[in-house]
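**Student:** First the structure, then my questions, so here it is.
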Amino acid sequence: MADAPQHRLGELMEESNPAFEEVMSCVFGIEDHETRTYLTLCDQPGSTIEELATTLERDRSTVNRSLSTLQERGLVRRNRRLLDGGGYVYQYTAIALPNAKEMLHEALDAWTATVHDVIDDFDDGAQ
């Protein structure tokens, strides 16, 4: 991962029963359309930007930016496929959903541990 994601865990605190997609967006600090791109790739591994743009009904530049973010977060892999007539095309595949879920658990566990440390380290006499 290039940059640490800017999680939005505070948004989850406001939801009593958040959807999986919302949890994923908040924990990984990604936009909802990026989460939709990841989930689409889970169903359609090896997709190109053009194929994703059609499926998601988004423009190619938006899909390309989403894929870049997802790659930075370690959620998507890119492979280059050579074309018969020359040239190449990039194909994208999402990491397996169980791996993404494990990453979510790890991120939430780390955040929870930090909050517990803040609580434990609070010195009431310092106020």
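The values are calculated or read from the model by the stated rules, or taken from the named source; none is laboratory data. Keep in mind it's a predicted model, so treat the numbers as computed, not measured. Cβ sites come from the backbone with ideal geometry, for glycine too, and all protein chains shown count toward neighbours. The accessibility values were calculated without ligands, DNA or RNA, using every heavy atom of the protein model including side chains. Shrake-Rupley method; radii C 1.70, N 1.55, O 1.52, S 1.80 Å.
**Student:** Tell me, yes or no, whether the range 85-104 has at least one residue that is more than 13 Å from the chain's Cα centre (by Cα) and acidic (Asp, Glu).
**Tutor:** Looking through the range 85-104, none of the residues is more than 13 Å from the chain's Cα centre (by Cα) and acidic (Asp, Glu).
**Student:** Would you confirm whether or not the range 20-33 contains a residue that is under 17 Å from the mean Cα position of the chain (by Cα), modelled with pLDDT of 95 or more and hydroxyl-bearing (Ser, Thr, Tyr)?
**Tutor:** Looking through the range 20-33, none of the residues is under 17 Å from the mean Cα position of the chain (by Cα), modelled with pLDDT of 95 or more and hydroxyl-bearing (Ser, Thr, Tyr).
**Student:** Starting from the range 55-66, take each residue that is in contact (Cβ under 8 Å) with a residue 24 or more places away in the chain and within 16 Å of GLU31 (Cα to Cα) and list its partners that are open to solvent by less than 70 Å² (accessible area, probe 1.4 Å) and among the aliphatic types (A, V, I, L, M), counting only C-beta distances under 7 angstrom and pairs at least six apart or across chains.
**Tutor:** VAL63/ILE49; VAL63/LEU52; VAL63/ALA53; VAL63/LEU56
**Student:** Given the criteria open to solvent by 40 Å² or more (accessible area, probe 1.4 Å) and outside any strand (DSSP E or B), does GLU15 qualify? Spell out the reasoning first.
**Tutor:** Numbers: open to solvent by 40 Å² or more (accessible area, probe 1.4 Å): yes; outside any strand (DSSP E or B): yes.
For GLU15, the condition - open to solvent by 40 Å² or more (accessible area, probe 1.4 Å) and outside any strand (DSSP E or B) - is met.
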